[in-house]
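J.: Can you keep this structure in mind? I'll have questions shortly.
What follows draws every value from the coordinates through simple rules; no lab data is involved. Being a predicted model, the structure only gives us computed values, none of them experimental. Note that we place each Cβ from the backbone using ideal geometry, even for glycine, and neighbour counts take in every protein chain shown.
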């Protein structure tokens, strides 16, 4: 072994020994692990590639029987066995299910399918998976109206996912659910803030780690005037159509209110920046969003400047923003740099970007995929 | 040799053994190879660097005699012998013309000039060049009114270059040539589509491999209303000035019509995205275009979404879009990722970008510089 | 040593032997070196990271006594000892002050503090520092009204920093100082040009190397009509508020006038492109600017095209523009590619970017951090 290889091995050993905390997941805590191989391969990282490579989207309909879905999916997998997503699948098949092969094929997928089912029946399976993966805790993405009592606090940490509140408050169902869960009749801005405060109180009581929100490119963000917010809330609760300006006002009003509550409750806000929702109309479930090259964090500055006491954990989706994010972590005191996400989570990008972060951001402000942010 | 060097060599040997198909060229099929060193050095990859480094543009005038042009060009070359473009020149001089030196200088350029002339006189020279280069077929860039009968189908494959149709239909010469070659009197949208269909029929009859078009940054693309297209076509054919809206309508109308014909004729559309035409006013012939950093493919989405059955082979010009293109290849079923082009064709960029493509795009959707796409 | 290591060493030895010229600095020529460790650590590259990592901004107030500032700063340093900025600090401490440690701590900072004071008292200290650093000359950033007579021409080279003129001519103080130093009463465009010409004459007389200006993203640049400029100047000198259009007209008028004078006086213009001034409101002194991802040089084209005889030395701040800059150096005859700057000066970015420049830009058009541009 050459000296540089020895060093690599030593670093890797140290890294693999770290007990990690997954600061962002969509794990469904009431059924947190796959019960079948169909469950596993149904993850959008695999279905979107299968569809991209030509597999018919109809294959994935819930009513299609396993005998049809599974061979179609396994066959589609062979078109992207060059990808890192495929290598993740094989790694987890080997590490978590004792799969021995290096490719998943029509000849061996049933082996894996059986192992998935068999292991899913073991008692304490979620703890076993976490131990095998070196994961200590997993952050969740919870709706404001989730039943937090049901969550196992030894394994999971609630996080308030705020997208519905920020972008869909005018939807009658969202509004009514918010009124019901908080027991606040919302008529104006102050009511909305009162309801959000009650949500925060409930989340904090359940040990929540903060708020998370996904923001699209080219957002306009500004502090809103109370009267404008009252007008927008008033129209929304009467099911009246909002103008484009009123829609923006309402979004900003909610987002600034959430940030103010983060300050008050001393909770961080995680911002996942840059997904263009529904960009690819024909995509599979959860596989319709794209990034936008040339996107910038600049629209976030009014929010970052307005709440210097709130820690913002920022992630971006576009490689052309990677340096911008590192620079925000370098300069802006309330910005923490957080992980690599979806289209930006390839080794080819992460290698250079991690080097840049290590070279320029205070080490106290870096969060990996998994991290010790939660204490 | 260390193990990693052996692996490199083995991979390179395999790669060099591939018989390639050049899916995009501007080869003039009626005179497909250089007859003189002046021809060769007249390629814009060399003249634009010579001019950039200070050579007077006037040197390149057709009437300047060889005795003046050649020493000036050779001298200018020495200012960019650090570049990959220079290394391409030396490689082709050595591989195709038996040139022995590692630099082209005032002392040895006449050797190369003589070799170029001598070899150009050999029978079957184009086949010799292709064999020496490992190239099997070369795609062309053909105008809609090109005489396709004259093209040697064993060597060349026609491709309909659509820029004139999309951007210059209002030019009287373009319009008249289209009417003449299709025998359609164009008065409204339907006539235009009929003419384009006849062009497609003729190209398909000659074994054409598809359509290619270069689209600038910040294009607006949307499906047009028939009445609006009729108005725009009507004004154009009467030589009336088009408003800015009508110009955009006409462009979109032609581009969507071409895409519809691609669906009907089952042909792919190659999109070269992002060149700002004529950006540098003082540039040499073919050396006036630049890229735009921060450009995005997002404006293409309406077209990609509207024709899911058409394969779009996309190339971008800007490194800040490299990840965006890979992500489109990853997610969007009808997008194929195609090569590296002009400002983006440097080893420094290609290394990381190729790694990212191999790590994230189904292997069935990757096209190199040269590829087996055409069958 | 393996062959590649030997080559690396040979290249490094050659590079380290080059006597360099620093083409851009903010060195205060009347007090060009640190008199204390507080001076040194007060550089914004260190204070902005200390503040970003949590140090209170108030620590840096001029009235805070050394006993309080120094331990706070030294402690803050330990939060970013992973960064390249920290390594620069340690390198200069070792090379210029004989510091022996690899970390600056509460236990050893006083050693360094004493060395800084002791060495600052040596006669000819600035020449000693330059000899130890291999620096031959240092370009300055001079205001139009600086006293150039006082500058030591053996060490320093004046450069006219034009930001005040371009962006702040309407400020009464700037205007009056310009009138005073040039003895021109400015009432209209022609007067402004006369004053600027006098400034140029004075700077040229003192051996100035050119003009430098920092331009923000998304600037509008266009040649102005004389009448419009007269109106804008007229309002400015009467302290009347300018409309947004008039403000842009005035800026363009000054910038184009400066470029014209660069042509007349045969001086280059250095453009530092892309800093968003004051983006982070809570930042420390000189630590409030950020880059903008997705920025583009395209707005500069009208200026580059209008003055083909003026050499523009361009630098960008955003990695997403790195390729764009290299391409401008490749194609545009009057563009020279200049260094790496602030957020873009990390090894992780510079490695790939320098490779790309060496692979595509004529070697006569590349300027390093330090360079021999000035002759």
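J.: Residues of region C:200-240 with amide nitrogen under 18 Å from the 7 Å Cα-to-Cβ point of residue B:281?
T.: Output list for this probe position: C:220-226.
J.: At residue A:10 and residue B:36, where each label point lies 7 Å from the Cα along Cα→Cβ, what is the point-to-point distance in nanometres?
T.: 6.5
J.: Mind checking Rg over Rh on region C:195-348, alpha carbons, Kirkwood formula for Rh? It would help to have the intermediate numbers written out before the result.
T.: On the way: Rg = 16.6 Å, Rh = 16.9 Å.
In region C:195-348, Rg relative to Rh is 0.98.
J.: Return a whole-number percent for the relative contact order of chain A, with Cα pairs under 8 Å and 6 or more residues apart as the contact set.
T.: In percent, rounded to a whole number, it is 15.
J.: For the protein assembly as shown, what class follows from the C-alpha gyration tensor (a ≥ b ≥ c being the square roots of its eigenvalues): rounded when a/c is under 1.5, otherwise prolate if a/b is larger than b/c, else oblate?
T.: rounded
J.: Treating the point 7 Å from Cα along Cα-beta-carbon as the label, what are the nm separations from residue A:180 to the other copies, to one decimal?
T.: Counterpart label points of residue A:180 in the remaining copies fall at 7.3, 7.3 nm.
J.: Could you work out the relative contact order of region B:26-143? I mean the mean sequence separation of Cα pairs under 8 Å and 6+ apart, divided by the number of residues, in percent. List each step's numbers first, then the result.
T.: Values: 89 pairs, mean separation 40.0, N = 118.
So the answer I get is 34 percent.
J.: Cα axis of helix A:172-182 to longest principal axis of chain A: angle in degrees, 0 to 90, nearest 10?
T.: Result, in degrees: 80.
J.: As a test of understanding, state the convex hull volume per residue of region A:267-324 from its alpha carbons, in Å³.
T.: Details: hull volume 5.3 nm³, N = 58.
Considering the Cα atoms of region A:267-324, their hull volume per residue is 92 Å³.
J.: For the protein assembly as shown, what does -39500 (n - 2.57) per DSSP helix run (n ≥ 4), summed and divided by total residues, give at 222 nm, in deg cm²/dmol to the nearest 500? Display every interim value, and only then the final one.
T.: Values: 45 runs with 519 residues, N = 1125.
Dividing the helical sum by the residues of the protein assembly as shown leaves -14000 deg cm²/dmol.
J.: Taking 4 °C and 1.567 mPa s as the conditions, I'd like the Stokes-Einstein D for region B:138-281 in µm²/s, using the Kirkwood hydrodynamic radius from alpha carbon pairs. The partial results should precede the final answer.
T.: Numbers: Rh = 15.6 Å.
D = 83 µm²/s.
J.: Still on this structure: For each of C:177, C:327, count neighbouring Cβ atoms within 10 Å of the residue's Cβ, then give the residues from fewest to most.
T.: Numbers: C:177 15, C:327 31.
The order, fewest Cβ neighbours first, is C:177, C:327.
J.: Provide, in order from the shortest bin, the percent of all Cα-Cα pairs of chain A in each 10 Å bin, continuing until the bin that contains the maximum pair distance.
T.: 5, 20, 29, 27, 15, 4, 0, 0
J.: Continuing with the same structure: How much length is gained if the chain between residue B:95 and residue B:131 is pulled fully straight, taking 0.36 nm per residue apart and subtracting their Cα-Cα distance, in nm to one decimal? Show your work: numbers first, answer last.
T.: On the way: separation 36, 0.36 × 36 = 12.96 nm, distance 1.13 nm.
Here the segment from residue B:95 to residue B:131 would lengthen by 11.8 nm.
J.: Would you calculate the separation in nanometres between label points at residue B:245 and residue B:102, each defined as 7 Å from the Cα along the Cα-to-beta-carbon direction?
T.: Between residue B:245 and residue B:102, the simple spin-label model gives 6.4 nm.
J.: In nm, one decimal, shortest first: how far is the label point of residue A:91 (7 Å from Cα along Cα to beta carbon) from the matching points in the other copies?
T.: Label-point distances to the other copies, shortest first: 3.3, 3.3 nm.
J.: Suppose R0 equals 60 Å; then what is the FRET efficiency for residue C:188 and residue C:110 from their Cβ-Cβ distance, rounded to the nearest 0.05? Please list the in-between numbers first.
T.: Working: r = 60 Å, r/R0 = 1.00.
Efficiency for this residue pair is about 0.50.
J.: Suppose R0 equals 22 Å; then what is the FRET efficiency for residue B:66 and residue C:363 from their Cβ-Cβ distance, rounded to the nearest 0.05? Please list the in-between numbers first.
T.: Details: r = 27 Å, r/R0 = 1.22.
The pair residue B:66/residue C:363 has a calculated efficiency of 0.25.
J.: Take residue A:225 and residue B:305, extend 7 Å from each Cα along the Cα→Cβ direction, and tell me the distance between the two endpoints in nm.
T.: If labels sit at residue A:225 and residue B:305, their model points lie 3.4 nm apart.
J.: Would you please give the FRET efficiency between residue C:118 and residue A:265, computed as 1/(1 + (r/R0)^6) with r the Cβ-Cβ distance and R0 = 51 Å, to the nearest 0.05? Each step should come with its number before you reach the end.
T.: Details: r = 52 Å, r/R0 = 1.02.
So, using R0 = 51 Å, E works out to roughly 0.45.
J.: Also: Taking Cα pairs under 8 Å and at least six residues apart, what relative contact order does region A:217-375 come out at, in percent?
T.: Taking the mean separation of contacting Cα pairs over the length of region A:217-375, I get 19 percent.
J.: Direction-averaged shadow area of the convex hull around the Cα atoms of region C:1-123, nm²?
T.: Values: hull surface 40.7 nm².
Orientation-averaged projected area of the Cα hull: 10.2 nm².
J.: So the label point sits 7 Å from Cα along the Cα-to-Cβ vector; using that for residue C:16, what distances do you get to the other copies, in nanometres, sorted shortest first?
T.: Spelled out, the distances from residue C:16's label point are 3.7, 3.7 nm.
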